[in-house]
Amino acid sequence: MNKREAEQRNYMMDTLASIGFTYDEAEKLRRISMCLHSWHEKECGTDHGCIERDETTGKTYWLNSTSGRRYPVRDMEKGALNRLAKLMAAHPTLSSYTQGDPRGAALYILRPDDIPEGCSADSYYTRGICVY
C-alpha cells in the first residue's frame, strides 16, 4: 500500500467512524466489500472460468472454461451479505447498497439524505460512502 492508498483508506475509516461505526465494524465492512468484489469478478469470469448460480436450486458452481465441467463451490456472496445484514442491523438509520460491477467498489453505505425521497438507490448510490 502506498501513501495515497493509505490516506484514502484512513479517510474512509474516519468517515465511517463519523457516522457511528466503530473501527472494528469499519474493518468488517471493508472485508465484506473485498469479498463481494472478488465474488463479482469471478462471476464475470477469468481466463480459467466463472462462477454460475443454478436458477432453480440457488447453488453456486465454478464453470471451468477449459473442460466445460461444473464444480460446486461455496457461496461466499451469501455469507458476506449475511454478515453485512447483521452489521447494518446495529445502525438502523443507515442502509447499504451492493454494486455488482467488478470495475468499482462493491459496497456503499447510504445515509438517510443521500437518496432523494421516492428515488431508487440504483441511481444515487455514489452519494454514499464508498467502502473499498
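The values are calculated or read from the model by the stated rules, or taken from the named source; none is laboratory data. On a predicted model such as this, the values are computed, not experimentally measured, just so you know. No Cβ is skipped: glycine too gets one built from the backbone with ideal geometry, and neighbour counts run over all protein chains shown.
I'd like the full set of residues that are more than 30 Å from Pro92 (Cα to Cα), polar (S, T, N, Q) and surrounded by fewer than 17 Cβ atoms within 10 Å (Cβ to Cβ), limited to the stretch 38-65. Within the stretch 38-65, Thr46, Thr56, Thr57, Asn64, Ser65 meet the criteria. Quick one: in the stretch 99-116, of everything that is free of Cβ contacts under 8 Å to residues at least 24 places away in the same chain and of a type in the set (Asp, Glu), which residue is surrounded by the most Cβ atoms within 10 Å (Cβ to Cβ)? Going through the qualifying residues, I end up with Asp114. Taken across the stretch 16-36, residues that are free of Cβ contacts under 8 Å to residues at least 40 places away in the same chain, surrounded by fewer than 17 Cβ atoms within 10 Å (Cβ to Cβ) and closer than 18 Å to Arg127 by Cβ do occur, with at least one present.
For the stretch 90-110, check the following and say yes or no: at least one residue is assigned to a helix (DSSP H, G or I), under 16 Å from the mean Cα position of the chain (by Cα) and closer than 28 Å to Glu5 by Cβ. Walk me through it before giving the result.
Initial filter on the stretch 90-110 (assigned to a helix (DSSP H, G or I)): none.
No, the stretch 90-110 contains no residue that is assigned to a helix (DSSP H, G or I), under 16 Å from the mean Cα position of the chain (by Cα) and closer than 28 Å to Glu5 by Cβ.
Please go through the stretch 66-98 and pick out each residue that is surrounded by 10 or more Cβ atoms within 10 Å (Cβ to Cβ), of a type outside the set (A, V, I, L, M) and under 17 Å from Glu43 (Cβ atoms). Result: Arg70, Tyr71, Pro72, Asp75, Glu77, Lys78, Gly79, Thr98. I'd like to verify a number: residues in the stretch 38-50 that are touching a strand residue (DSSP E or B) at 6+ places or on another chain (Cβ under 6 Å) and either outside any helix (DSSP H, G or I) or in contact (Cβ under 8 Å) with a residue 60 or more places away in the chain (or both), how many? Adding up the residues that qualify gives 2. Please enumerate the residues belonging to the stretch 18-37 that are assigned to a helix (DSSP H, G or I), within 16 Å of Met88 (Cβ to Cβ) and not polar (S, T, N, Q). The answer is Asp24, Glu25, Ala26, Glu27, Lys28, Leu29, Arg30, Arg31, Ile32, Cys35, Leu36. Among the conditions (1) part of a loop (DSSP other than H, G, I, E, B); (2) modelled with pLDDT under 90, Ser123 misses just one, which is (1).
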